[in-house]
Amino acid sequence: MTAATPSATPPAQPPTDRRISARVGAISESATLAVDAKAKALKAAGRPVIGFGAGEPDFPTPDYIVEAAVAAAREPRFHRYTPAGGLPELKSAIAEKTLRDSGYRVEPSQILVTNGGKQAIYQAFATLLDEGDEVIVPAPYWTTYPESIRLAGGVPVEVTADETTGYRVSVEQLEAARTARTKVVLFVSPSNPTGAVYPREQVEAIGTWAAQHGLWVLTDEIYEHLVYGDAEFTSLPVAVPEIADRCVVVNGVAKTYAMTGWRVGWIIGPQDVVKAATNLQSHATSNVSNVSQAAALAAVSGGLDAVAEMRTAFDRRRRTIVRMLNEIDGVLCPEPEGAFYAYPSVKALLGKEIRGRRPATSVELAALILEEAEVAVVPGEAFGTPGYLRLSYALGDEDLAEGVSRLQQLLAEARD
Ligand SMILES: Cc1ncc(COP(=O)(O)O)c(C=O)c1O
């Protein structure tokens, strides 16, 4: 036996000693899921924890959707692999629903059905980005965006907006962040975590600016049906049709139909991008579960009554939570116009003494709130903006009122 001759200088650390790749090792746990898991664990242990952490409707999935899934589970053709990019009948129904709901006309060949909006976002970035490509990400941002950009080799470039502009970024701010490496701008309205909704003129201004500079837009429309008061949802490629060839829309059934656990989302984009993303999915996961796709088909082909009911409940809770939060000294909560999150600033409370402790950051304040008031909230650090808390108001009215009054009692104790 002859010994192999090394053809190059051996790496400083042999691959076998690196247990986890640098790429995956750099990903942090989803902070929102972590808070939710901690709250659920405490509850399971008998503690009366009230959770404002979860980003999911508290309603069950409507019956007609569940029934469609039950019927699908009995159909032998659904016991087999189906096309990786999605059931053809579901893709057609998504195209029709998109025209009905946002006025965007697309072909089924422009659609890829994914395992939830999360996979849609990850695959869209993996399909669009090369190593070092920059993505402008308005902050506060949903925690998954920067991680999926980095996983795809891209570089997230944050542009921060605060409560003084209702957490909306301006074209001037975006332009200041643009470099020769900028490829994509991320847009989400209504927003998680702030509930901000961009008015049509601002959507047009951002889309037109992106089109003028040859940028791509990834627009996340998952909260399209959850807008309140006078706010209106505007689909970016409808407001700015010239961006359509460089625009990827992300959407899904999770929030509109109370279907977070079913895991169905989709990408809408130019055909070449969707084809490439479908090739990726064909190796990663193949088709989304057929039973879930059948449920999604019933959801998107049905009416919008269920979401109208949820919207009424969310709107009521939204007004209660904003009022009660603003009653607390040191808490400033602008009125969210969409989604189901309130995003108050708690900067004025940091450094104050509460029950013998002086939380210096929103992470420490959230920990203190969980321990002392048994209320779970997500600190702003998870969304790129320390000094804030995110409270989801997708929980029952009584729990909501009880949870925020516990917060009121605890935070009223804050002293210099
Ligand atoms: C802004 C936004 N986009 C996408 C998603 C993804 O939802 P899902 O993967 O459950 O479809 C979420 C979920 O929290 C979200 O808040």
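A full extension of the chain between GLU67 and GLU413 corresponds to an added length of 119.5 nm, given 0.36 nm per residue minus the alpha carbon distance.
Comparing ALA124, ALA34, ALA152 in a Gaussian network model of the chain (Cα springs below 10 Å), the most mobile by mean-square fluctuation is ALA34.
Helices assigned as whole DSSP H runs in the chain whose Cα atoms extend at least 30 Å along their own long axis and whose mean Kyte-Doolittle hydropathy is -1.0 or higher are found at 305-326. The stretch between ALA177 and ALA360 holds 62.9 nm of extra length on full extension. This uses 0.36 nm per residue minus the Cα-Cα distance. Only Lys, Arg, Asp and Glu carry charge here, each on its Cβ (+1 for the first two, -1 for the last two); on that basis the range 64-303 has a dipole of about 900 debye about its Cα centre.
Each residue, GLU204 and ASP397, gets one label point 7 Å from its Cα in the Cβ direction; the gap between the two is 3.9 nm.
Across VAL188, VAL250, VAL346, mean-square fluctuation computed from a Gaussian network of the chain (C-alpha pairs under 10 Å connected) peaks at VAL346. Taking other C-beta atoms within 10 angstrom as a stand-in for reagent exposure, HIS225, HIS283, HIS79 fall in the order HIS283, HIS79, HIS225, fewest first. Within the range 17-89, the GluC sites (Glu not before Pro) that combine a DSSP coil assignment with at most 14 other C-beta atoms in a 10 angstrom radius are GLU29. What is the range 99-187 by shape, rounded, prolate or oblate, if you read a ≥ b ≥ c off the alpha carbon gyration tensor as root eigenvalues and call it rounded for a/c under 1.5, prolate for a/b larger than b/c, and oblate otherwise? It is oblate, given that a/c is not under 1.5 and a/b is not larger than b/c. Only Lys, Arg, Asp and Glu carry charge here, each on its Cβ (+1 for the first two, -1 for the last two); on that basis the range 88-191 has a dipole of about 280 debye about its Cα centre.
Rounded to the nearest 20 debye, the dipole magnitude of the chain is 1060 debye, with +1 charges on Lys and Arg beta carbons, -1 on Asp and Glu beta carbons, and the Cα centre as origin.
Report summary: the helix-based calculation at 222 nm, which adds -39500 (n - 2.57) for every DSSP H run with n ≥ 4 and divides by the residues of the chain, gives -12000 deg cm²/dmol. Report the far tail of the P(r) of the range 64-303, meaning the percent of Cα-Cα pairs longer than 24 Å. Value for the range 64-303 (Cα pairs over 24 Å): 42 percent. Farthest towards the positive end of the charge dipole of the range 64-303, among the residues ALA176, ALA295, GLN110, is the Cα of ALA295, using unit charges on the Cβ of Lys, Arg, Asp and Glu.
Distance cut-off 20 Å, Cα to Cα: go down the list LYS40/LYS352; LYS40/LYS118; LYS91/LYS275; LYS38/LYS352; LYS118/LYS275 and report the pairs above it.
From LYS40/LYS352; LYS40/LYS118; LYS91/LYS275; LYS38/LYS352; LYS118/LYS275, over 20 Å: LYS40/LYS352; LYS40/LYS118; LYS38/LYS352.
Put in order of Cβ neighbour count within 10 Å, fewest first, the listed residues PHE340, PHE78, PHE233 become PHE78, PHE233, PHE340. Of the trypsin sites (Lys or Arg not before Pro) found in the range 54-98, those that fall in a DSSP loop while having at most 16 other beta-carbon atoms within 10 Å are ARG74, ARG80.
When both bridge partners sit in the range 64-303, DSSP labels roughly 30% of those beta bridges antiparallel.
Below 8 Å, C-alpha to C-alpha, sequence gap of six or more: please give me the relative contact order for the range 64-303 in percent.
Relative contact order here is 29 percent.
Please check: in the Gaussian network model of the chain (C-alpha springs, under 10 Å), which one of GLY302, GLY86, GLY338 has the largest mean-square fluctuation. Result for the chain, Cα springs under 10 Å: GLY302 fluctuates most.
Relative contact order for the chain: what percent, with Cα pairs under 8 Å and sequence separation of 6 or more?
Result for the chain is 21 percent.
Arranged from fewest to most other beta-carbon atoms within 10 Å of their beta carbon, MET324, MET310, MET259 become MET324, MET310, MET259.
So which lysines can LYS183 reach, going by Cα to Cα under 16 Å and dropping same-chain residues fewer than 8 places off? Partners within reach: none. Cross-link partners of LYS255 among aspartates and glutamates, defined as those whose alpha carbon lies under 15 angstrom from its own and excluding same-chain residues fewer than eight positions apart: GLU56, ASP58, ASP101, ASP220, GLU221, GLU224, ASP305, GLU309, ASP315. Is the chain rounded, prolate or oblate when judged by the Cα gyration tensor, a ≥ b ≥ c being the square roots of its eigenvalues, rounded requiring a/c under 1.5 and prolate requiring a/b larger than b/c? Note, shape of the chain comes out rounded.
Here the chain carries DSSP beta bridges of which approximately 45% are antiparallel, counting only pairs with both residues inside.
Placing a pseudo-label 7 Å from each Cα along the Cα-to-Cβ vector at TYR81 and ARG316 gives an inter-label distance of 4.9 nm. In a fully extended conformation the segment linking SER301 and ALA22 would gain 96.1 nm over its present Cα-Cα distance, using 0.36 nm per residue.
Since every read-out is calculated from the coordinates, none of them should be taken as a lab result. Values in this document were obtained by computation on a predicted structure and should not be read as measured data. Please note: Cβ atoms are built from the backbone with ideal geometry, for glycine as well, and neighbour counts cover all protein chains shown.
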